[in-house]
Every structure is written in C-alpha cells, then in structure tokens.
Amino acid sequence: MSGINETRELLTRYAIARIPFVALHTIERARSLELLKSVSTNLDLHFLVHTLSKGTYDIETDQIVNEDKSVYGAVDYVSEEMKHRQNLTLVLTEVPDISSDNDNAKQILDLVTLANESGGMIIALTTNSIWSQLQRSGMVVTLDLPDESEMYDIISQYINDYRNEITIEWDDDDVHEAAASLVGVTKIETENVIASLIAKKEIKKDDINEVRKSKDRLFTNISGLEKIQVDDSVRDVGGLSGLQDWLDAKQKLLTPAKHAELRQRGLRPPRGILLVGVPGCGKSLSAKSIAYNWKLPLYRLDFATVQGSYVGQTEQQLRDALNTADQVAPCVLWIDEIEKGLSGASSSNDGGVSTRMVGQFLFWLQESQKQVFVVATANDVSKLPSELLRRGRFDELFFVDLPTAEERRDIIAIYMKKYLKVSFDGPFADKVVEMSAGFTGADLESTVRDLAYTTLSGDSSLDEDLITKTFQNVVPLSQTSPEKIDQIREWGKSRAVPASGKPIGAEGNLTQTSVNRTRKVLL
C-alpha cells in the first residue's frame, strides 16, 4: 500500500537515479499528474506529458511541444529529442496494451532502451499488467486511493475556500468524519461530493449522511456486491448476549485513534466473525444489527453472482468485489450461507474454481488492512472448507443455538412491540414462553406477525385465546428436524463459542426430549 507521500518519495528517488522505466499503477490521472508535477518542480527536471487530447506538452509551462496527439507520435518525437538531449522524461497517460510481447510493448521497450542510454525516463500511467521484460527494465509503483489523512486535507482545502461565502457548520471533527466516510473514492469523486454540498449554499451538520449516501451511489452495480439498507427495526436482536458482549468490546477499537494505534503495534483491526448454528436463529439479523449499531454501511457479498462462464472470470469478479469492499471501508461485509458459495472446494468438478475462490478469499481476509468487518453465516457446517475454520481467519467463531426461555421472552417482546404495539409481560407471558419451547427466532417472528395480520384484518381481537391458538398451530424446526439440529449442536460444542453465553444445547437433546404441542385446526 502506497500513500501519496510514500509514492512521491519513490518517484523522486527514481527520478534522481534516472530509472529508465517506471510503471505507475493508478486510476487517477489528474492526481498522478499533480504528483509528478511536484516531483518535476522540486528536482528542476524537464517532464513532458502526452495526452490524447493535447498531444505532448511541458508539465511546468503547459506549453505544447508536439501537436501529434497519437501515442506513437509522442514516442517518435521523444525518441528524436533523446538523441541530442539528456535527462528528458516522458509521461504517457494513455498507454497501449503492453501486457505481453506485442508490437506495442516492443516499441516502448525500444524507447526505454534509448532513455537508458541518454539518462532519460519513461513513466507510464496504467491500470494493467506490464510485459515482464519491460517491467524488469525499471520499477513499478502503485498510487493507492487517498487515505484518511490525505482525504482530510482534500476536504479541508476545498471547503475552506468557501467559508466566507456560505454557511458551513462542519467543525474539524466533522471533516475527519467525512474523510473517514470517503476513504475508498478518488480525489475527483471526493471533490464532486463536496461541491454538490457547496452548491446548496450551506453545509449542515447532518450533511455527513449525504456524504455517505453519495459514496454508496458510486459503488452500485458491482458484480457480487449489494448495498443493504438497514433501519431502526434491526437495532435489537433478542438473546445472543455472549455475542453482544464480544461486539461491544470490539466496537471500542473502531475509532480512528484506535485504528492508528493498532497499525503502530502491527495489529489488524477487528476482522470479522463466523456465525454457525441452527437456521432461523438470528445469524443474518445479527449482520444487519451490527451495521446499524456501529453506524457502518452494510454490503452483502454473494458468491453465486461472482461466478462466470469464462476461464478466470470468477476469480477476477471476486477480486473486484473484495477490492470494492476495501474501497468502501469502513463497512460491514455480510456473506450469507458462505458454505454454499465455497462448498465445491473439496471436489474437482468445477476445475478448481472453488478451491481458488477459497484461497483468494482467505488471503484477502488475512492480509487486507482495511476496516472491513466480515460477518459470515453458515447453516450446513458439514460443507464448510476446513481452511475457513483455522484459528486466525476470523476473530471468533460463534454458535447460534435455539433460543433459551429467557431469550424467547426477549425476542417475543421485541416483535410484540414492533408488530402489535403491545408489551409482553405478566403470568400469561410465562405460558407463551413455555409453549414456544423449541421455536427459532424466525418461528417467533413469523408467529407474532401472523397475529398482527389476523388482528389487523378484523377477524379476531388480540386476546389470550388467539395468542394460544396461533402459537400451538406452529410446528417449529426443532420438531421437523431434531436430528439435524442435534448434529449441528454436537459440531458446535467443540468448535465454537456459544453466542448466547450459555452452553450449547442447554435445553436438552431434541431427539431425547419432546415438546408437548399438537397442531390444532381452526374450524
């Protein structure tokens, strides 16, 4: 990773050393040219720049020296100049395909050879790979997108020019928050976002929300990555106190100051969790709740949609999706039912694509230093690749079990308040909690939602009899698949931390105990 200062230092050193070829990997041409102009000025060296719109011009004076706008016109011009001029530098902003030993690459290599003989230097701005023989003739430098510090400078400089003209409510903390929110976008995109706020002739405190929305709009339609909107309805997740305590501790490490301290100590920021366990017990809801309570955007990565039909397409689309997640950081990345996307890793039926996807994902998970908190969920633990479970991949592996009586009480209370606008307490609440033994969180939500539909339709009023009948008519997953749940629990007992803070299977083995419940037909 190279920030603006590190890249400037490298380019300065290479310019002094007269390295004949430098490939500058970047998607920001304007920012790169600003950087190169500062290097040229500081060293008092002659830099020429070629663009398709202007031809070849002097980077200092902006004077056009060759009107031929083609790349080869610039190459021919500089080739002639280098025959009788020393220390000439050409910056190519539009480089033809030089990823292999084609005619384009060979012609650039000839120019680089000439530059080496005359103390010249060729700098190519590119986003693509470089032919190995050409690359070995020089150096490769990457200019990453602006980090938080540079983003702060960009925003501060931009809005300070308007402080005497419009109302700006932002203080230094607000600018820092905006900078953190915009990490992952280019300088010109940042300026566009801030300019759109200035166009309103005022920047209010709550415009930081507009900044986040603007960033979201910049990252739509990325294959495999979907922005998920979260609202107040996902604030609370009933039960799971063990998971919540762990998350509360990790949240304290998400501030910019703590993030900087972690970097200084060589520690990565909180990386993520893997939630396994009984289907319908709050794993997916937890991902949404984390994003809402941490005030971070939520993105969903779908492994199925990154799969392509051409060789290498799947790997490239996964790489693009993960790179985008890094760019939109800080964020929460939700991977629902991860075992379905990576379950083919143990077979050879797909030509090794799944194996490469697992390796690519795990490398990113372990090496990326961006503030992307991953929440992966899994129902079928038997299909999880063993590499995914190794200690250090995720920060923690949690098991989400059927809710206990105390947790069912909390969950029912949440949904009673949400859907029926009533409280849930008293002696009858104890009976409902007892009759809901074996329910998943999804079962409880569905049951309370059915109560709401029934009462809103006017067919019945909400009373104890209606609640009892509605709950008794539910056949929960614990009755339809008790063996499967017991199998999942056995797996979790030796491999995962209970999300509830209580022992896994605390309410007994489902294949040995049964709930006294019968289906009743409403006549």
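The values are calculated or read from the model by the stated rules, or taken from the named source; none is laboratory data. These figures come from a predicted structure and were not determined experimentally. Here the Cβ is made from the backbone with ideal geometry for all residues, glycine too, and neighbour counts use every protein chain on show.
Conditions: (1) over 30 Å from the mean Cα position of the chain (by Cα); (2) assigned by TED's automatic domain parsing to the domain that holds THR56. TYR162 meets all but one. Number of the miss?
If we test TYR162 against (1) over 30 Å from the mean Cα position of the chain (by Cα); (2) assigned by TED's automatic domain parsing to the domain that holds THR56, just (2) comes out false.
If I filter segment 301-313 down to residues being under 18 Å from the mean Cα position of the chain (by Cα) and either loosely packed, with under 15 Cβ neighbours inside 10 Å or assigned to a helix (DSSP H, G or I) (or both), which single residue comes out as modelled with the highest pLDDT?
At the first step, the residues of segment 301-313 found to be under 18 Å from the mean Cα position of the chain (by Cα) are 301-306.
Now drop any that are not either loosely packed, with under 15 Cβ neighbours inside 10 Å or assigned to a helix (DSSP H, G or I) (or both), which leaves 303-306.
Numbers: PHE303: 83, ALA304: 80, THR305: 78, VAL306: 80.
Ranking the candidates gives PHE303 first.
Out of all the residues in segment 338-349, is one or more at pLDDT below 90, of a type outside the set (A, V, I, L, M, F, W, C) and in contact with a strand residue (DSSP E or B) (Cβ under 8 Å, 6 or more places away or on another chain)?
yes
Give the residue, chosen from ASP62, ASP68, ASP103, that is more than 19 Å from PRO20 (Cβ to Cβ), modelled with pLDDT under 95 and among the charged types (D, E, K, R).
Numbers: ASP62 fails: modelled with pLDDT under 95; ASP68 fails: modelled with pLDDT under 95.
The conditions single out ASP103.
Please specify each residue of segment 13-45 satisfying the condition of being surrounded by fewer than 17 Cβ atoms within 10 Å (Cβ to Cβ) and in contact with a helix residue (DSSP H, G or I) (Cβ under 8 Å, 6 or more places away or on another chain).
ILE16, ALA30, SER38, ASN42, LEU43
Starting from residues that are β-branched (Val, Ile, Thr) and not in a strand (DSSP E or B), keep the ones in segment 35-60 and report whichever is nearest to ILE154 (Cα to Cα).
Restricting to residues being β-branched (Val, Ile, Thr) and not in a strand (DSSP E or B), the top hit is VAL39.
Hey, among the residues in segment 324-341 that are without any contact (Cβ under 8 Å) to a residue 60 or more places away in the chain and under 19 Å from LEU388 (Cβ atoms), which one's surrounded by the fewest Cβ atoms within 10 Å (Cβ to Cβ)?
It comes out as LYS340.
Limited to segment 1-34, what total is found for residues that are of a type in the set (Lys, Arg) and in contact (Cβ under 8 Å) with a residue 40 or more places away in the chain?
Residues flagged as of a type in the set (Lys, Arg) and in contact (Cβ under 8 Å) with a residue 40 or more places away in the chain within segment 1-34 amount to 3.
What pairs come up if the first residue lies in segment 395-409 and is in contact (Cβ under 8 Å) with a residue 24 or more places away in the chain, the second is surrounded by fewer than 19 Cβ atoms within 10 Å (Cβ to Cβ) and aliphatic (A, V, I, L, M), and their beta carbons are under 7 Å apart, counting only those six or more places apart or on different chains?
Qualifying pairs under 7 Å: GLU396/VAL497; LEU397/LEU389; LEU397/VAL497; PHE398/VAL497; PHE399/VAL497; THR404/ALA506; ARG409/ALA429.
Out of segment 427-455, which residues are touching a residue at least 60 places away in the same chain (Cβ under 8 Å) and β-branched (Val, Ile, Thr)?
Passing the criteria: only THR440.
Among the residues of segment 356-382, write down those that are part of a helix (DSSP H, G or I) and polar (S, T, N, Q).
GLN360, GLN366, SER382
Let me spell it out: the conditions are (1) of a type outside the set (Gly, Ala, Ser); (2) at pLDDT below 90; (3) assigned to a loop (DSSP other than H, G, I, E, B), and LEU388 meets all of them except one. Which number is the exception?
Failing condition for LEU388: (3).
Among the residues of segment 89-136, write down those that are more than 21 Å from THR56 (Cβ to Cβ) and among the β-branched types (Val, Ile, Thr).
THR127, ILE130 - these are the residues of segment 89-136 that are more than 21 Å from THR56 (Cβ to Cβ) and among the β-branched types (Val, Ile, Thr).
Could you give me the residue pairs with C-beta distances under 8 Å whose first residue belongs to segment 75-97 and is aromatic (Phe, Trp, Tyr), whose second residue is crowded, with 21+ Cβ neighbours inside 10 Å wherever it lies, and which are 6+ apart or on separate chains?
Here the result reads TYR77/THR56, each pair linking segment 75-97 to a residue that is crowded, with 21+ Cβ neighbours inside 10 Å.
If you go through segment 373-392, how many residues are buried (at least 18 other Cβ atoms within 10 Å of the Cβ) and out of contact with any helix residue (DSSP H, G or I) (no Cβ under 6 Å at 6 or more places or on another chain)?
Qualifying residue count for the region: 4.
Only residues that are modelled with pLDDT of 95 or more, surrounded by 14 or more Cβ atoms within 10 Å (Cβ to Cβ) and either at positive phi or in contact with a Ser or Thr (Cβ under 9 Å, 6 or more places away or on another chain) (or both): list them for segment 46-59, please.
PHE47, LEU48, VAL49, HIS50, THR51, GLY55, TYR57, ILE59, listed by residue number.
I'd like the residue in segment 473-490 that is in contact with a Lys or Arg (Cβ under 9 Å, 6 or more places away or on another chain) and in a helix (DSSP H, G or I) and, out of all such residues, is nearest to ASN379 (Cα to Cα). Step through it out loud before you land on a result.
Within segment 473-490, the first condition is being in contact with a Lys or Arg (Cβ under 9 Å, 6 or more places away or on another chain), and the residues that meet it are 473-477, 479.
If we keep only those that are in a helix (DSSP H, G or I) too, we end up with 477, 479.
Details: LEU477: 13, GLN479: 17 Å.
For segment 473-490, the residue satisfying everything is LEU477.
Could you list all residues from segment 252-285 that are within 30 Å of SER478 (Cα to Cα), out of contact with any Pro (no Cβ under 8 Å at 6 or more places or on another chain) and among the hydrophobic types (A, V, I, L, M, F, W, C)?
Correct list: ILE273, LEU274, LEU275, VAL276, VAL278, LEU285.
Here are some conditions: (1) closer than 17 Å to GLY280 by Cα; (2) in contact (Cβ under 8 Å) with a residue 24 or more places away in the chain. THR480 meets all but one. Which one does it not meet?
(2)
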